[in-house]
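Below you'll find the structure, written out as structure tokens, and then a few comments.
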There are 2 protein chains.
Amino acid sequence: MPFKVIKQNILKFNEDRADKIRRTLDKRGVFMVNIISSPGSGKTTLLEKVTPLLKSEEISFAILAGDCFTSNDAVRLDKAGAKVTQINTGNACHIDAQLIQKALKEVNIGELDFVIVENVGNMVCPAEFDLGEDCKIALLSVPEGHDKPLKYPLLFKESELVIINKLDLLKQTDFDLEQCEKNIFKVNPKVCILKMSCRNGRGINAFVKWIKERISNKNKSFDLATS
Amino acid sequence: MPFKVIKQNILKFNEDRADKIRRTLDKRGVFMVNIISSPGSGKTTLLEKVTPLLKSEEISFAILAGDCFTSNDAVRLDKAGAKVTQINTGNACHIDAQLIQKALKEVNIGELDFVIVENVGNMVCPAEFDLGEDCKIALLSVPEGHDKPLKYPLLFKESELVIINKLDLLKQTDFDLEQCEKNIFKVNPKVCILKMSCRNGRGINAFVKWIKERISNKNKSFDLATS
């Protein structure tokens, strides 16, 4: 079985780079999240909605938008008023730490409070790659089904926050919200769950509040470390 | 860049096995499809609906159901009356040809007309791995958005048939069906597109008809080769 060894080498190579990124962000008190979901769960729409709210809170942030091909998401986020850098992975199924190192060189980290990585649409591989982020966020949308946390457990286990999006489609699907929450807690009993509909606005303010608290906590530990 | 070389080795290793599978299936006149989509696009629901129809047409078939973890899909398909073998990939993001070789040993190929591989829910990696199938089928569901064929082109380029599922949700989303078809044809001008709603039954019979024709064509070339 040559696969296992090869995979470990790739992951070790990635981990070293992720540790460097984490040290750089920690030194400057910048909070970074890595948002992971299936294609079409609503990552870009969420970031479009959040952008003006973060700006009105005077939070300085940049988005690193990952996609195999196209700059469609980056164009949408730029229109919404965000500072955005496109990361194209080609046929690669995830962003790795090396790509984040390159992308961070394009933004002035010294001026930022917050970095958002919008990963490639894929529930499996991105969950395996540490990008040096403070935390992973899993986004699951109602039409995908309440069974997904059990079928793709690594993502839900690795995430600090799970957002259940497209709640406006609850009545049109067989999605069982209660069962979904049970499935999420089965995989990760300590995770925070946020119910959302980017379409009707439910949960967006709660997400901004969560971001503000996390940035504030990071700043506190940054102040302690540098005082 | 050690990645490229490693990937090529893995793909070569896979390709050799896929060629062996293809020869075995060709020798016996068995038609095999590899269905690929995001998590929750409706692969299992489609196979549940198709199972009784294939049985009433006296088509002898087996489903190889791929998932990272759980046997939930296999249990559902077994209940629907299908012969099903579960393939669990662990944290691996795709089924490879070696796993198909093992799974095919569990079914009596000599008795079959048709094998359906239900791949792991992932639009990226599974498209890269030849499993020895006659053709790949891409499944895209309305809530995922009409832009996906451009963002994940390899799958749509590699597929002979694209099924657009969950058409019943058209009115509740911003999905532009015409634009979606244009996006698909941009990536793959020769592909066949089938519009479907597993929920209200639209397109299911057309899919069964497509399967029957393909099995019949495979049998013809099998008869020619052996006569």
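The numbers here are math on the coordinates, done by the rules we state, and not lab data. All values reported here derive from a predicted model rather than from experimental measurement. FYI the Cβ positions are ideal-geometry reconstructions off the backbone, even for glycines, and counts take in every protein chain you see.
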Summing -39500 (n - 2.57) over every DSSP H run of at least 4 in chain B, dividing by its residue total and rounding to the nearest 500, the 222 nm mean residue ellipticity is -14500 deg cm²/dmol
Diffing the range B:164-176: the Karplus 3J(HN,Hα) column from phi (6.51, -1.76, 1.60, θ = phi - 60°), in whole Hz with x for Gly and Pro, holds 9, 9, 6, 5, 4, 9, 3, 6, 8, 10, 9, 5, 9
Kindly give the distances from A:N9 to its copy-mates, label point to label point, with each label point 7 Å from Cα along Cα→Cβ, as nm values to one decimal ordered shortest first. 0.5
Considering only DSSP states other than H, G, I, E and B, which trypsin sites (Lys or Arg not before Pro) in the range A:113-222 qualify as loop sites with at most 15 other Cβ atoms within 10 Å? A:K190
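Exposed loop GluC sites (Glu not before Pro) only (DSSP loop, at most 16 other Cβ atoms within 10 Å): please give the longest stretch of chain B free of them, not including the sites.
Numbers: sites that count: B:E57, B:E58.
For GluC sites (Glu not before Pro) (loop position, at most 16 other Cβ atoms within 10 Å), the longest site-free span of chain B is B:59-227.
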So which lysines can B:K218 reach, going by Cα to Cα under 24 Å and dropping same-chain residues fewer than 8 places off? B:K20, B:K27, B:K43, B:K49, B:K55, B:K83, B:K102, B:K105, B:K136, B:K157, B:K190, B:K209
Sort B:94-100, A:17-23 for me by packing, meaning the mean count of neighbouring Cβ atoms within 10 Å per residue, highest on top. B:94-100, A:17-23
Applied in sequence order to the range A:17-31, the curve 6.51 cos²θ - 1.76 cosθ + 1.60 (Karplus, θ = phi - 60°) yields integer Hz couplings, x standing for Gly and Pro, of 5, 4, 4, 4, 4, 4, 5, 4, 5, 5, 4, 9, x, 9, 8
Shielding score for B:142-152, defined as the mean number of other chain Cβ atoms within 10 Å: 6
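With a ≥ b ≥ c the root eigenvalues of the C-alpha gyration tensor of the range B:1-131, is it rounded (a/c under 1.5), prolate (a/b larger than b/c) or oblate? Walk me through the numbers on the way to the answer.
On the way: a/c = 2.28, a/b = 1.38, b/c = 1.65.
Oblate, since a/c reaches 1.5 and b/c is not below a/b.
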Which one, A:F222, A:G201, A:Q86, is farthest towards the positive end of the dipole of the range A:77-227 when Lys and Arg carry +1 and Asp and Glu -1 on their Cβ? A:G201
Calculated from backbone phi, Karplus (6.51, -1.76, 1.60) coupling profile of the range A:32-46 in Hz, x at Gly/Pro: 10, 10, 10, 8, 10, 6, 5, x, x, 7, x, 4, 5, 4, 4
In percent, how large is the relative contact order of the range B:145-227, given Cα pairs closer than 8 Å and 6 or more residues apart? 32 percent
From the square roots a ≥ b ≥ c of the eigenvalues of the alpha-carbon gyration tensor of the range B:144-205, which class results: rounded (a/c under 1.5), prolate (a/b over b/c), or oblate? oblate
What residues qualify as long-range amide H neighbours of B:I163, i.e. H under 5 Å apart, gap of 5 or more or another chain, H built at 1.01 Å from N? B:A138, B:L139, B:L140, B:L194
Amide H of A:Q86: which non-local residues (sequence gap of 5 or more, or other chain) have their own amide H closer than 5 Å, using H built in the peptide plane? A:A65
Report, in debye and to the nearest 20, how large the dipole of chain B comes out about its Cα centre when Lys and Arg carry +1 and Asp and Glu carry -1 on their Cβ. 140 debye
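Determine the shielding of peptide B:168-179 by partner chains: average, over its residues, the number of Cβ atoms on other chains within 10 angstrom of each Cβ.
Details: counts 2, 5, 0, 1, 8, 7, 2, 1, 0, 0, 0, 0.
The per-residue average across the peptide is 2.
From the Cα gyration tensor of chain B, with a ≥ b ≥ c the square roots of its eigenvalues, which class applies: rounded if a/c is under 1.5, or else prolate if a/b is larger than b/c, or else oblate?
On the way: a/c = 1.43, a/b = 1.14, b/c = 1.26.
Judged from the Cα gyration tensor, chain B comes out rounded (a/c under 1.5).
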